[in-house]
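One structure below.
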Amino acid sequence: MAWQTDRRTMFKLAGGGAMALATPQIMVRAAHAQTANTAEPGNPGFHSFALGDFRITSILDGGRASDGPHPIFGQDQEASAVAELMEQNFLPPNRFVNGFTPVIVDTGAERILFDTGLGEGGRQNGLGQLRERMQQMGYQPDDIDIVVLTHFHGDHIGGLMEGGEPAFANARYVAGQAEYDFWTAPERAEGQTADAASAVQEKVVPLAEDMTFLDDGGEVVPGITAMAAFGHTPGHMIFHVESGDRRLMLTADTANHFVASLQRPDWHVQFDMDKDAATATRRRVFDMIAADRVPFIGYHMPFPGVGFIEPVDQGYRFVPASYQFDV
């Protein structure tokens, strides 16, 4: 298949080289979005497929409806421009749903969880459903061998603790060195970073003795490699997964809205800590994914979060996966 390609283009990302972006005439085409807050027939809140010898499962921690997407997305744009783009893509102009999608990679030898959702603090609002949905699909929290944290925002670390104890009792942990160093620095305890840093002290720091810290190119296990994708946070990491001749990228929060962040990758996003770096990272990552025709899972893409990238006009179109992994 076309997306079973070699790794040469992939590792150009580590060197920071942006690739040329083909820009065919844009066609405004909406991608299918499926969002749910509760498990129900036909939409159980998890989705599993084979990737070589690995099994990949995306799990919906929950969905949250709110006003927007402006000014969260297109913070540097007029609200009317964001609303117009939403309407062109058959989306409401002033409301959107944000989903949260942790991923389990089962290598056959180890079960690796990427990010932990909002945890017990989100359950009163219909979020924090990772634990329950893992159990519905046959995984117990104690079955997880490794927990990988792409970065330390609350919707990624919130499920690390349950009732004051580690939620995944048998796991070891993996995180980016730059991310840990930033959020645990004493100066983070004041100003705009104080709340997030406090959550890191509560959820992450108690686990540090069991944590492996990676830099760009570090290996989680054979077949899973970390890649620096800084900007959303100072140490934000994405992960390249490869088994047999199949590949997948876990892009975490590189893009957080399947239309606003991808069709307009240069628009500023409120939660990107370094707006310019995040924009450059989006371009590098999704130029690469488009060029190599590699599937990816984005943490905030429409559930189950799995898709491909097509270059169009100013950016990219999200193409949801259908039966590519079934044949």
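Using a simple spin-label model with pseudo-atoms 7 Å out from Cα toward Cβ, Ala81 and Ala189 lie 4.1 nm apart. Close amide-amide hydrogen proximity is noted between Phe303 and Gln34, each under 5 Å apart and 5 or more residues distant or on a separate chain (H modeled in the peptide plane; Pro and chain starts excluded).
Give the relative contact order (percent, whole number) for the chain; include only Cα pairs under 8 Å separated by 6+ residues.
Worked out over the chain, it gives 22 percent.
Phi angles across the stretch 308-319 convert, under the Karplus curve 6.51 cos²θ - 1.76 cosθ + 1.60 with θ = phi - 60°, into 3J(HN,Hα) values of 10, 10, 10, x, 9, 6, 7, x, 8, 10, 7, 10 Hz, Gly and Pro given as x. Counting only other residues whose beta carbon sits under 11 Å from that of Gly99, what net charge do I get with K and R as +1, D and E as -1? Result for the local shell: -1.
Count charges around Phe182 for me, please; just the other residues with Cβ under 12 Å from its Cβ, Lys/Arg as +1, Asp/Glu as -1.
Values: positive: Arg188; negative: Glu179, Asp181, Glu187, Asp274.
Once all neighbours under 12 Å are counted, the net charge is -3.
Specify which labelled value, from [x] 21.9, 71; [y] 20.3, 62; [z] 18.4, 54, agrees with Rg and Dmax of the Cα atoms in Å derived from the coordinates of the model shown. Matching the structure shown: [z].
Across the stretch 100-113, rounded Karplus estimates of 3J(HN,Hα) from the backbone phi angles (6.51 cos²θ - 1.76 cosθ + 1.60, θ = phi - 60°) give 10, 10, x, 9, 10, 10, 9, 7, x, 9, 9, 10, 10, 9 Hz, Gly and Pro being marked x. Residue by residue, the stretch 52-69 carries 3J(HN,Hα) couplings of x, 8, 8, 10, 9, 10, 9, 10, 7, 6, x, x, 10, 8, 7, 5, x, x Hz when phi is fed to the Karplus relation 6.51 cos²θ - 1.76 cosθ + 1.60 (θ = phi - 60°); x denotes Gly or Pro.
Close amide H partners of Thr150, meaning residues 5 or more places away or on another chain with modelled amide H under 5 Å apart, are Asp115. Span-like helix check, the chain: qualifying full DSSP H segments, with Cα axial length of 20 Å or more and mean Kyte-Doolittle of -0.5 or more, are 275-292. Under a Gaussian network description of the chain, with springs only between Cα atoms under 10 Å, the residue in Thr150, Thr107, Thr251 that fluctuates furthest is Thr107.
Among Pro304, Pro265, Pro44, the largest mean-square fluctuation in a Gaussian network model of the chain, built with springs joining Cα atoms closer than 10 Å, belongs to Pro44. For the peptides 269-276, 224-231, the ranking by mean Cβ contacts within 10 Å, running from highest to lowest, is 224-231, 269-276. Evaluated with a Cβ-only charge set (Lys, Arg +1; Asp, Glu -1), the chain carries a dipole of roughly 900 debye about its Cα centre, given to the nearest 20.
Taking amide H positions as modeled 1.01 Å from N, with prolines and chain starts lacking one, the residues under 5 Å from Arg172 and 5 or more places away or on another chain are Ile146, Val147.
What is the sum of charges around Gly223, taking Lys and Arg as +1, Asp and Glu as -1, for the other residues whose C-beta is under 9 Å from the C-beta of Gly223? Net charge in that neighbourhood comes out at -3.
Run the helix sum for the chain: -39,500 (n - 2.57) per DSSP H stretch of 4+ residues, divided by residue count, reported at 222 nm to the nearest 500 deg cm²/dmol. Please report the intermediate quantities before stating the final value.
On the way: 7 runs with 61 residues, N = 327.
Counting only the DSSP helices, I get -5000 deg cm²/dmol.
Ordering Leu214, Leu207 by the number of other Cβ atoms within 10 Å of each residue's own Cβ, fewest first, gives Leu207, Leu214.
Ranked by how many other Cβ atoms sit within 10 Å of their own Cβ, fewest first, the residues Asp216, Asp313 fall in the order Asp313, Asp216.
Where a number appears in this text, it was derived from the coordinates with a stated rule and is not lab data. Note that this is a predicted model, so its numbers are computed, not measured. Virtual Cβ from ideal backbone geometry, glycine too; neighbours counted across all protein chains shown.
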